[in-house]
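A short write-up of the structure that comes next.
The values are calculated or read from the model by the stated rules, or taken from the named source; none is laboratory data. From a predicted model like this one, the values you see are computed outputs, not experimental measurements. We place every Cβ from the backbone using ideal geometry, glycine too, and count neighbours over all the protein chains shown. When the accessible area is computed, the model is the full protein with side chains, heavy atoms only, and any ligands, DNA or RNA have been set aside. Shrake-Rupley method; radii C 1.70, N 1.55, O 1.52, S 1.80 Å.
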Amino acid sequence: MFDFNKLGDMTKMASQAKKLQAKQEEFQSKQLKELKEISGKLDKIIRLLEK
């Protein structure tokens, strides 16, 4: 059977997991933005070297 005494703990763990996921998504978003910037700079360097 389901133990309702543990419901509070499960809710707390779910809340913590949700916060952790949000932090990870924010971090990944920042990484993607930085990688796009790096890619753009490398494209400029390649174009300059091709001239």
Checklist outcome for this item: Relative to the chain, whose Cα atoms define the longest principal axis, helix 7-50 and its Cα axis are tilted in degrees, nearest 10, by 0
Checklist outcome for this item: Candidates for Rg and Dmax of the Cα atoms in Å are [x] 22.0, 73; [y] 22.9, 74; [z] 14.4, 46, and the calculated one carries label [x]
Checklist outcome for this item: Regression test value, accessible area per residue of segment 1-50, probe 1.4 Å, units Å², expected 104
Checklist outcome for this item: Quick calc, the chain, dipole around Cα centre from Cβ unit charges on Lys, Arg (+) and Asp, Glu (-), nearest 20 debye, gives 240
Next on the checklist: At 1.4 Å probe size, with the rest of the protein present, what percent of the exposed accessible area of the chain is carbon and sulfur atoms?
Outcome noted: 60
Checklist entry - Picking from ALA14, GLN28, ILE38, whose Cα lies most toward the positive end of the charge dipole for the chain (charges on Cβ: Lys, Arg +1; Asp, Glu -1)? => result ILE38
Next on the checklist: For the pair GLN16/LYS41, report the inter-label distance in nm, with labels modelled 7 Å from Cα in the Cβ direction.
Outcome noted: 3.8
Next on the checklist: Give the lysines whose C-alpha is closer than 16 Å to that of LYS44, dropping any in the same chain fewer than 8 places away, or say none.
Outcome noted: LYS36
